Amino acid sequence: MKKVGFVSLGCPKNLVDSEVMMGQLKHSGYEITSNAAEADTIVVNTCGFIDSAKKESVDAILEAARLKSEGHATRLIVAGCLVERYRDELKAEMPEVDAFIGTSQINDILAVCDPNTNTRSLPVVPLGRQSSTYLYDESTPRVLATPSHYAFVKIAEGCDRPCAFCFIPQMRGHFRSRRFGSVIAEAQQLAEEGVKELILVAQDSSRYGEDLGKTDALARLVRELAQTDGIEWIRVMYTYPTHISDGFLDALAEEPKAVKYLDMPLQHASQNVLKLMKRGGNRQSLERLIERVRRRVPGIAVRTTFITGFPGETEEDFEELMGFVKNVEFDRVGVFTYSDEEGTPAFDLPDKVPHRTAARRRTALMKQQSRISRRKNKSRVGEVVRVLFEGESKESELLWQGRLETQAPDIDGCVLINDVPEGLIPQEGDFVNVEITAAHEYDLVGRICA
């Protein structure tokens, strides 16, 4: 049996692509291994979003090429967004790679892993903004790479937004939703496999169903998924501020299984910068949006991301962003420095901000947010909360960890558990009651209640 080792980089949406490729290979008789050193074929599923991600992808390809030349592997496949963005350059500069497959060629994984296929002769189909049609469905085999208690479900692919800093439409194609029944059927299958938490992902989740002529389809989807036996939490990631409907918020408020959590990247608050980003809006409209969200969904945690150093961002623009974040008091914030990406509209903008200035602004914004986060976390000391138990802590073997419904895996903090009743250590994926006893900037500390 041929062994295939996967290296998956980038976002959860890319991870789903890797899981689908692994599923197809396993279904066809291949063995999937987590140890690339023992694989006959190595697949690197790349990210090409920003400079740091591209560098990580190239480093992973070079390491896989080393394993191929010095070790057991005889075949190297490179897939994903970096291929869509730099396919010709990669093909010319990396002869050690046997095949390149883009984001719309997931189904080609069987062909390129077949020892009888002359992979160098296979074309990489140019994607273009409108040409991609690939979507997986409930019948597509899939091997989960996440812990067994949660899974990402991709509800749509591609994006039609014109954001000036983003290359995703060129890499992923136009926006297209999966069929409603397909998502529901996959959720039922995942529940039967023991999954407790469904995390819905897309490039733009809030537009789900629009291209199919459906109104408020995301709200309907959340409500329908909440009826799935075995599923306890339903989380929606990557929503867009102009498409947060009252119907969707009402679904979050009214469905017990819909977690009170909104992931909504805002990117900035200055009208000047938002206009340059081709996103629109201003600080006042965003503050009204956050007020509406919190009014309709009491207790909701709002997560967002911002970019510092976008071309044309002045000190006044940045101070407006600082004031906005201080006033709104988000529960979770991620901040990125601007990455100047060729092929995006922002690449041609004047008034570039020096990287040192962008980094200084990022540090200042994160420092301000850390004070907000610490204060919010301290206010929870003494509460007894429902926690999804996740086993040993990633930080220390002496601790366990879990998550509140307001904490998404890997990107938010967690609940560190330092006291478990003797002989009552829960199983991974169990829900337990935890008393919060201490608070840090991003993590909470607690003990399991007997």
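The values are calculated or read from the model by the stated rules, or taken from the named source; none is laboratory data. Because the structure is predicted, anything quoted here is derived from the model rather than measured. Neighbour counts are summed over all protein chains in view; Cβ atoms, including those assigned to glycine, are modelled from backbone coordinates with ideal geometry. Side chains included, ligands, DNA and RNA excluded: accessible areas come from the protein's heavy atoms. Shrake-Rupley method; radii C 1.70, N 1.55, O 1.52, S 1.80 Å.
Table for the structure above
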{"read-out": "Identity of the residue in region 351-398, part of a strand (DSSP E or B) and open to solvent by 100 Å² or more (accessible area, probe 1.4 Å), that ends up modelled with the lowest pLDDT", "value": "Glu392"}
{"read-out": "Evaluation of Thr140 against (1) of a type in the set (Ser, Thr, Tyr); (2) open to solvent by less than 40 Å² (accessible area, probe 1.4 Å); (3) at pLDDT below 90 (one fails), failing number", "value": "(3)"}
{"read-out": "Test result for Val78, in contact (Cβ under 8 Å) with a residue 12 or more places away in the chain and in a loop (DSSP other than H, G, I, E, B)", "value": "no"}
{"read-out": "Only one of Arg235, Arg172, Arg176 that is open to solvent by 10 Å² or more (accessible area, probe 1.4 Å) and not acidic (Asp, Glu)", "value": "Arg176"}
{"read-out": "Scope region 421-434; condition modelled with pLDDT of 90 or more and open to solvent by less than 50 Å² (accessible area, probe 1.4 Å); matching residues", "value": "Pro426, Gly429, Val432, Val434"}
{"read-out": "Leading residue by the ranking (surrounded by the most Cβ atoms within 10 Å (Cβ to Cβ)) among those in region 252-269 that are outside any loop (DSSP other than H, G, I, E, B) and more than 22 Å from the chain's Cα centre (by Cα)", "value": "Ala253"}
{"read-out": "Filter pass, Glu313 being in a helix (DSSP H, G or I) and either among the β-branched types (Val, Ile, Thr) or out of contact with any strand residue (DSSP E or B) (no Cβ under 7 Å at 6 or more places or on another chain) (or both)", "value": "no"}
{"read-out": "Residues being over 22 Å from Glu138 (Cα atoms), open to solvent by less than 50 Å² (accessible area, probe 1.4 Å) and not in a loop (DSSP other than H, G, I, E, B) - total across region 7-44", "value": "7"}
{"read-out": "Residue pairs meeting the criteria (Cβ under 8 Å; at least 6 apart or on separate chains; first in a helix (DSSP H, G or I), in region 175-201; second basic (Lys, Arg) and open to solvent by 20 Å² or more (accessible area, probe 1.4 Å))", "value": "Phe180/Lys214; Phe180/Arg220"}
{"read-out": "Test for Leu127: is it at pLDDT below 85 and open to solvent by less than 20 Å² (accessible area, probe 1.4 Å)", "value": "yes"}
{"read-out": "Any hit, region 254-265, residues being under 28 Å from Glu186 (Cβ atoms) and out of contact with any strand residue (DSSP E or B) (no Cβ under 8 Å at 6 or more places or on another chain)", "value": "yes"}
{"read-out": "Test: residue in region 48-59 that is open to solvent by less than 10 Å² (accessible area, probe 1.4 Å), at negative phi and either modelled with pLDDT of 90 or more or in contact with a strand residue (DSSP E or B) (Cβ under 7 Å, 6 or more places away or on another chain) (or both)", "value": "yes"}
{"read-out": "Residue that is farthest from the chain's Cα centre (by Cα), among those in region 46-61 that are assigned to a helix (DSSP H, G or I) and small (Gly, Ala, Ser)", "value": "Ala60"}
{"read-out": "Residues (of a type in the set (A, V, I, L, M, F, W, C), open to solvent by 10 Å² or more (accessible area, probe 1.4 Å) and part of a helix (DSSP H, G or I)) located in region 82-106", "value": "Leu90, Ala92"}
{"read-out": "Top-ranked residue of region 219-229 - restricted to ones that are in contact (Cβ under 8 Å) with a residue 40 or more places away in the chain and part of a helix (DSSP H, G or I), ranked as surrounded by the most Cβ atoms within 10 Å (Cβ to Cβ)", "value": "Leu221"}
